[in-house]
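Working notes, beginning with the structure itself.
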Amino acid sequence: MLFLFLRIMNNTFKTRYFKLLFFTLTSLGLCAQISLPPFFSDHMVLQQQQEILLFGKAAPSEQVVGSFKGEVRKTSAKPDGSWQIVFSPSKPGGPHQLIISGKNTIKFNNVFVGEVWFCSGQSNMGWPLYKSENGIREVEQSLHDKIKLFNVRRSMSGIPTKDLDTINKWTSCNPKTTKNFSAVAYYFARELYKRYQVPIGLIHSSWGGSSIEAWMSAGAFKNDKSKEQLLKKIKSTDLNQLEQAYKVDEKKYKIYLDKVDMGLKLNWQSIQQDSSSWKKMQLPNVWRRSPLKQRVGVVWVSKSINLSAQDIAGDLELSFGLIDNEDITYFNGTQVGSIKKNNVSRNYIVPKELLKHGENIITVRVKNPLDIGGFRSGENSFYFRTILKKVSLAGTWRYKVGTPKIKDPPPRVHPKYLPSSLYNAMLYPFFDYSIRGVIWYQGESNVSRANEYGKLFPMMIKDWRDKWKNNIPFLFVQLPNRANMGIKQPNFREAQAQALNLDFVGMIPTIDIGDNYDVHPANKHDVGYRLAVAADHLVYNPSIIGHYPKIIETVSMPKSVLFSFDQSIVNKGKSETVEGFEIFKNGVFDSSANAVIVDEKTIAVLHSSDDYPIEIRYLWKDAPSEVSIYNELEIPLPPFRKTIGN
């Protein structure tokens, strides 16, 4: 990492010099025209019922005139060229025209007044609409003239900056613009519009894999010496250029892995290859839960299957789900598929001409330059299908490492490891742009540090509110079900819920709509819908039910504990008893605890313990096998644990 920093320092200095020169010329009026940040553009949505602030640059002392909805405002640019104009709060509507004039004139058309939401987090917030469940159809039907989209281009900075890439512009909501836009944000806006019929503006600013630290200001780490030292280093570094240098090194490393892979040199995919001496492992699995000692490099896996004469009468389908990162898949020595992206499910068609009556060999070359490595999906995605039957491929496979001795990969340059880098570049520019609130889907990159997150998350919310100078509503997604996480998920969900101690914060549980074997669940519709329901309750109509069932009273009875809720609940489980409750007894948690609904708002958890206090917990699993309790809006009771006194 230090080598990369030093390598680009000279270029960084040149870049900063020319930026300073341009700014100086602009300030002197030598190349000055009235200009505004990119989020003032055609199709923009301005927040209703709040003062409308416009600002930008001009020549020093230049008169700037603004006109909007019949209201005219005048001002003069300050000595540094900055200016701002404030229009009165406005009711929702549009389209309007907004005009800013001085030595030059700028006209913004198709301007709306409505509700503006800032949508942020990591990859599940950024997950594009076309990749979501029924995504292609949803994209085709996504023409909504009153919903506007602003997609923030990914960028990092070591210092707070107001500069945004001019490629960032507001756009109308249509199949061309929604395809790669946030699915969660889109579904959220669509549901809000259905309910209130006012223009909706979405500012989407996310980065896959980012940690919460990347979205926090440097001031949050004043008591963290290690982060303070790193923050000092990156202040004088062009992080975007550093990332580009890393991508070059990463590409070279991938080429290097191909060159040193013994499997490619010796044709391990060949039908003549004898894999009987290869070691065994259980698949599907990621490499960290396999016998492999290293997760970076190339691993070959192989399995034989038997096909009948009837099976080979048609093509065969091969499915592996998600693979980290790249694969080349062979059937009887012939390549039948290859994908280089880890977030694409592998589903290949094997032509019937390659099929043989009797034994057939499947071989997969898995190349992982840095990521988790291995087969990430569950057994339900691991199969082959003939014209007669579907057969699971889960179980014992043979494997051999193609790169047993390799050099280390280049140090990764990613905002996950760079505190404040996204706050500075993708959040800070928007603090003067009025919004209604925030929706947030993040946490997967912090899931191993639940206690720390429980402190950082509320701190971040308070800091954002301070910077926006408004107690903005903040809605977040509690992490969904995801299997084999070593009980990290329930502990992290509890840490997320610490933010509910702040006012105007809402949480939506997703314990029932995730994917046990994919960090990116396809169901983004229900996430967006639940966020909209929560916003309806928290922001627009507090008198309605719009949140998950909340415990309002806990009563300890002889041999039972009663949990009372603030709303009606229903049991959607497979039996009359409520599944998912556990009681701490004899030093372990007993998962066979009986629980029943005694009335429309009360659950009784039965126990035989005479020793108090006891701890009762619900859905305290990475991925519960069943989620039973819902409210009338089909929002589930989220996981919880409580210590009960006598």
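Return yes or no: is residue 378 out of contact with any Ser or Thr (no Cβ under 9 Å at 6 or more places or on another chain) and either closer than 15 Å to residue 302 by Cβ or β-branched (Val, Ile, Thr) (or both)? The answer is no for residue 378.
Taken as a whole, the condition of being at negative phi and open to solvent by 40 Å² or more (accessible area, probe 1.4 Å) applies to residue 608. Filter region 59-115 down to the residues that are part of a loop (DSSP other than H, G, I, E, B), within 15 Å of residue 33 (Cβ to Cβ) and charged (D, E, K, R), then identify the one that is least open to solvent (accessible area, probe 1.4 Å). Ranking the qualifying residues of region 59-115, first place goes to 62. With respect to the conditions (1) at pLDDT 95 or above; (2) more than 26 Å from the chain's Cα centre (by Cα); (3) in a helix (DSSP H, G or I), residue 267 falls short on a single one, namely (3). Taking the conditions (1) free of Cβ contacts under 8 Å to residues at least 40 places away in the same chain; (2) open to solvent by 20 Å² or more (accessible area, probe 1.4 Å) in turn, residue 516 satisfies each one other than (1).
Residues being of a type in the set (Val, Ile, Thr) and either at pLDDT 95 or above or out of contact with any strand residue (DSSP E or B) (no Cβ under 7 Å at 6 or more places or on another chain) (or both): count how many of those fall in region 555-570. Residues that pass the stated criteria total 2. Take the residues of region 390-436 that are within 21 Å of the chain's Cα centre (by Cα) and polar (S, T, N, Q): which is nearest to residue 156 (Cα to Cα)? For region 390-436, the residue satisfying everything is 421. Taking the criterion of being touching an Asp or Glu at 6+ places or on another chain (Cβ under 6 Å) and either without any contact (Cβ under 8 Å) to a residue 40 or more places away in the chain or crowded, with 17+ Cβ neighbours inside 10 Å (or both), the residues of region 352-371 that qualify are 364, 366, 367, 368, 371. Only one entry of 329, 396 meets the criterion of being touching a Leu at 6+ places or on another chain (Cβ under 9 Å), assigned to a strand (DSSP E or B), open to solvent by 10 Å² or more (accessible area, probe 1.4 Å) and under 24 Å from residue 294 (Cα atoms), and that entry is 396.
Every residue in region 339-350 that is open to solvent by 50 Å² or more (accessible area, probe 1.4 Å) and either out of contact with any Leu (no Cβ under 8 Å at 6 or more places or on another chain) or farther than 19 Å from residue 283 by Cα (or both), please. Scanning region 339-350 gives 340, 341, 349. Comparison of 476, 492 shows that the only residue that is modelled with pLDDT of 95 or more, part of a strand (DSSP E or B) and open to solvent by less than 10 Å² (accessible area, probe 1.4 Å) is 476.
The values are calculated or read from the model by the stated rules, or taken from the named source; none is laboratory data. Quick caveat: nothing in here was measured; it's all calculated off a predicted structure. Positions of Cβ are backbone-derived with ideal geometry, glycine not excepted, and every protein chain shown enters the neighbour counts. Note: areas computed on protein heavy atoms with side chains; ligands, DNA, RNA excluded. Shrake-Rupley method; radii C 1.70, N 1.55, O 1.52, S 1.80 Å.
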